[in-house]
1. Out of the DSSP beta bridges found with both residues in the chain, what percent are antiparallel (nearest 5)?
2. Using a 1.4 angstrom probe with every protein chain in place, what is the largest-first accessible-area order of E285, E249, E46, E206?
3. Sum up the charges of everything whose Cβ sits under 14 Å from the Cβ of I137, counting Lys and Arg as +1 and Asp and Glu as -1, but leave I137 out.
4. Rounded to whole Å and ordered largest first, report the semi-axes of the equivalent ellipsoid of the stretch 356-408 derived from its Cα gyration tensor (root of 5λ).
5. Please state, to two decimals, what the Cα-based radius of gyration of the stretch 212-281 comes to when divided by 2.2 N^0.38 Å (N = residues).
6. Suppose the Debye formula is applied to equal point scatterers at every Cα of the stretch 319-439; what is log10 I(q)/I(0) at q = 0.11, 0.17 Å⁻¹?
7. Over the alpha carbons of the stretch 1-154, what is the largest minus smallest coordinate on each principal axis, giving the biggest first in Å?
8. Could I have the simple spin-label model distance between D144 and D258, label points 7 Å from Cα toward Cβ, reported in nm to one decimal?
Amino acid sequence: MLADDKIYLGNSTHPEYLALKYGNRHGLVTGATGTGKTVTLQVLAEGFSAAGVPVFAADIKGDLSGVAKMGKAQGWQTERAKEIGFDDYKDDVFPVIFWDLFGRQGHPIRATISEMGALLLSRMLELNDTQEGVLNIAFKVADDEGLLLLDMKDLRALLIDIQQRAKDISVKYGNVTTASIGAVQRALLVLEQQGAENFFGERALEIADLMRTDRDGRGFISILAADELMRAPRLYATFLLWMLSELFEALPEVGDPDKPKLVFFFDEAHLLFDGAPKVLIDKVEQVVKLVRSKGVGVYFVTQNPVDIPEAVLAQLSNRVQHALRAYTPREQKAVKVAADTFRPNPDFSTAEVITQLGIGEALVSVLEAKGIPSMVGRTLIRPPSAQVGPLLPEERRAIMANSPVAGLYDTMIDRDSAFEVLARKAKTQQDAAEQKRIDDERAKQERSAPTTTRAPSAPRASTRQTPAEAAMNSLARTVANRLGNALVRGILGGLKRGR
């Protein structure tokens, strides 16, 4: 049953295989809740991993984590293998790396604000055209002024700086209003409350860490814990779109390789497109079209084919359709859409069989020789080889501790970036303003101080003399003169006698 260049999916009237050489032609797994989509996803992930192809898969319910533990064939698994004649069936385990945007159930995944870009960030923040224009201006200012935008606080600091320089910025880049900046800041706050501050920052995810193989040549299955992430659908959708864009930019052209370089499984794929503006859907379509030549396969997993825009749906060549219900007109339309996407089988009505499929059954059509879709077959999907169902928390932690990326992303790095540069700039401006205030205050005090004048001298005592005082003063002067003359003559006489 197993083949080196194919993935065994199950049996219809014959074994159904997905050729590895067409694995990068993308695919779709659909079906109502409880019809077996997660088991099919695990079968595909195990098949690609065994062939040496790294896999990335979003795990919405935690069920896919069991692929990291050796399987113990349950009753239904052995019975299913026997029913389809799967003689090569055996228990197995696969190399796994657990990831989590919030860093709780896996190694943290981070991206910088600059890597995310204005378009995807605007989508995440649900900004209108005017607000998106302000965000584009912010990114342009950061580029022109050499400011690194790494995390949320960098973008917040830049927006505050732009608001303070709104007049000059508006002249050079276009109109910037306080109201628009305030709206962007409020949207950032909402996103921050959803846990986005854990996603933005460094160390940013390196695509090479998603493309690892173990010593036996098996591709690592990177499992993104998405149960908590589902509560922030904008963050989930934008992250997945960012990752596709990063792959497109980072990987070289390889054309059509013998097997994919990497395969993505996007569970709950409708979250990528619900309420998305046309420009973003166009971007998804463009990336899905072009990433094929990079050797990357993208598989969308959702309940209904109508969840996927037609332009994207047309790119998905490998189809696995589980049961759909048709109780309402919309559901009946979805069944018809799903049936029309398959190459008809003259042995049955595709539209009728879609509503009659049991759990674990699916309609399968894959690319065959020369890239031609195979005739749709009613297929019983093979059982997975690893454990079906989630790991225990302690088992997950043990695998994380021995992961090849253990310690690489677990601690956030906060290097010098826009926040620090603008904080220093604001501190310098504040110090200069304070010094100017002090200087102005001193000058003001000097101008207002009174002019210093000599204190008036005390009035002199009156020099006017009475007649009696004048006579006494005259007598005193006469006596003093006579006494002085006598002293002089005495002294001179003494000198003469002593010779």
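The values are calculated or read from the model by the stated rules, or taken from the named source; none is laboratory data. If you're wondering where the values come from, they're calculated on a predicted model, not measured in any experiment. Here the Cβ is made from the backbone with ideal geometry for all residues, glycine too, and neighbour counts use every protein chain on show. SASA here: full protein model, heavy atoms, side chains in, ligands and nucleic acids out. Shrake-Rupley method; radii C 1.70, N 1.55, O 1.52, S 1.80 Å.
1. If I count the DSSP bridges inside the chain, around 40 percent turn out antiparallel.
2. Details: E285 35, E249 135, E46 5, E206 85 Å².
Per-residue accessible area, sorted high to low, gives E249, E206, E285, E46.
3. Around I137, the charge tally is -3.
4. Numbers: eigenvalues 278, 70, 10 Å².
Taking √(5λ) for each Cα gyration eigenvalue gives 37, 19, 7 Å.
5. Values: Rg = 14.7 Å, N = 70, 2.2 N^0.38 = 11.1 Å.
It is 1.33.
6. -0.69, -0.93
7. Each principal axis gives a Cα extent; for the stretch 1-154 these are 66, 31, 31 Å.
8. Roughly 5.3 nm, to one decimal.
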